[in-house]
1. Any residue at all in segment A:119-142 that's within 9 Å of another protein chain (Cβ to nearest Cβ) and touching a strand residue (DSSP E or B) at 6+ places or on another chain (Cβ under 6 Å)?
2. Which numbered condition trips up A:Lys137, out of (1) closer than 19 Å to A:Ile168 by Cβ; (2) surrounded by 14 or more Cβ atoms within 10 Å (Cβ to Cβ)?
3. Residue check, A:Thr80 against (1) more than 18 Å from A:Ala110 (Cβ to Cβ); (2) surrounded by fewer than 21 Cβ atoms within 10 Å (Cβ to Cβ); (3) modelled with pLDDT under 85, all met but one. Which one?
4. Among the residues in segment B:26-39, are any exposed (fewer than 15 other Cβ atoms within 10 Å of the Cβ), over 30 Å from B:Ile108 (Cα atoms) and among the hydrophobic types (A, V, I, L, M, F, W, C)?
5. State whether the residues of segment B:70-84 include one that is more than 13 Å from chain A (Cβ to nearest Cβ), within 19 Å of the chain's Cα centre (by Cα) and under 30 Å from B:Asn115 (Cβ atoms).
6. Go through (1) surrounded by 14 or more Cβ atoms within 10 Å (Cβ to Cβ); (2) over 19 Å from the mean Cα position of the chain (by Cα); (3) outside any strand (DSSP E or B); (4) free of Cβ contacts under 8 Å to residues at least 40 places away in the same chain for A:Ala118 and report which single condition fails.
7. Considering only segment B:13-25, how many residues are surrounded by 16 or more Cβ atoms within 10 Å (Cβ to Cβ), of a type in the set (D, E, K, R) and either at pLDDT below 85 or more than 23 Å from A:Asn170 (Cα to Cα) (or both)?
8. So, in segment A:121-134, how many residues would count as being part of a helix (DSSP H, G or I) and either surrounded by 22 or more Cβ atoms within 10 Å (Cβ to Cβ) or modelled with pLDDT under 85 (or both)?
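The values are calculated or read from the model by the stated rules, or taken from the named source; none is laboratory data. Computed from a prediction, not measured in an experiment: that's the story for all the values here. Cβ sites come from the backbone with ideal geometry, for glycine too, and all protein chains shown count toward neighbours.
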2 protein chains.
Amino acid sequence: MERKEISKAVLKRLPGYLSYLKGLDVQYISATAIAAALNMGEVQVRKDLAAVSDGGRPKVGYERATLIDDISSFLGYDNTTDAILVGAGKLGQALLGYSGFDAYGLNILAAFDVNPAAREVDGKQIFPVCALPEFCKNRNVLMGIITVPASAAQEVCDRLIDCGIKAIWNFAPTHLEVPKGILVQNENMATSLAVLSMHLQAQIKK
Amino acid sequence: MERKEISKAVLKRLPGYLSYLKGLDVQYISATAIAAALNMGEVQVRKDLAAVSDGGRPKVGYERATLIDDISSFLGYDNTTDAILVGAGKLGQALLGYSGFDAYGLNILAAFDVNPAAREVDGKQIFPVCALPEFCKNRNVLMGIITVPASAAQEVCDRLIDCGIKAIWNFAPTHLEVPKGILVQNENMATSLAVLSMHLQAQIKK
């Protein structure tokens, strides 16, 4: 189908539909049934799915396999995105060794570290940071994952942008300054933990 | 100092200050300097810090070590929070083996899985899910981490709540229904990847 412009809000809901659909074992499914299962508004689900798939038929709904393909293809999960990771500490190594990203079309090619403690993790090589520019240029890498400490994150971010990186997945608990056209997606585990632990403290005081 | 009520917005900014302060090597620091470094409003930083620390002095600022202690203690990082993790697949094992959570006062005691593939990861035991109620009761665990597939997450969530869990850190890409008084913090990596990969597709088309 012709590719429509969709909002970031719709985009953020699509992975939820996808994971729900993948867990099912039926041939057809209606937007109504999906809405009920995910506790969402039926109109919203209907519009979201119509934005990415032509396959809905009245009274029958969507063929599950086709809908999965349409959402995956819309999200770019069928085109693999190559990424590099900077900061091969505990979290970096955990991400490097996590094979679950394949399902989302993310392929971490290699990691970089100022002072690599190991030469590879799960078959992925860890290079010194000075090798970054050449690697990014040769492999035409556009996505960078930052897993360095907060104090080093901005410098790493600047280097990645110099190397041609356009999208940054930031796991460092800090704000990054970037020029226009560069997207930063923050994954702040420290913030999540602060919210959770504050809730528990409030519960315990009750 | 007397504990004040603070908003969730303030709470979410505190880990950022903390990680910035930890990366510094000075004895005193002013709210003005912190605001400039983190590219934030000076008034906001001043108010945030005053809410958690009494230590600010005119013209001198805060003693860095004291401010670090005050924020850490406010966030409960000095009281260790015990948690259990359900779903010992790739992501679950990565989190289980990640030692960086210690710094935030999170201690993952053990993991549970419907069908444990291993008996332990990095010295942490993996038990069958049926052992969950007894373990949570004996150890008085209040935080649960969900790393099962989306299709199983709600069932796991319900079981955790039955076991007395009050705060849930959800890594499954799905919406969870919970009763009042239970906090769910979602960590949706699939959503982050969708946003990043969509940005790259738009960049490439330009």
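1. The answer is no, given that none of the residues of segment A:119-142 is within 9 Å of another protein chain (Cβ to nearest Cβ) and touching a strand residue (DSSP E or B) at 6+ places or on another chain (Cβ under 6 Å).
2. All conditions are met except number (2).
3. Result: A:Thr80 fails condition (1) only.
4. Yes, some residue in segment B:26-39 is exposed (fewer than 15 other Cβ atoms within 10 Å of the Cβ), over 30 Å from B:Ile108 (Cα atoms) and among the hydrophobic types (A, V, I, L, M, F, W, C).
5. yes
6. (1)
7. The number of residues fulfilling the criteria is 0.
8. Number satisfying all stated conditions: 1.
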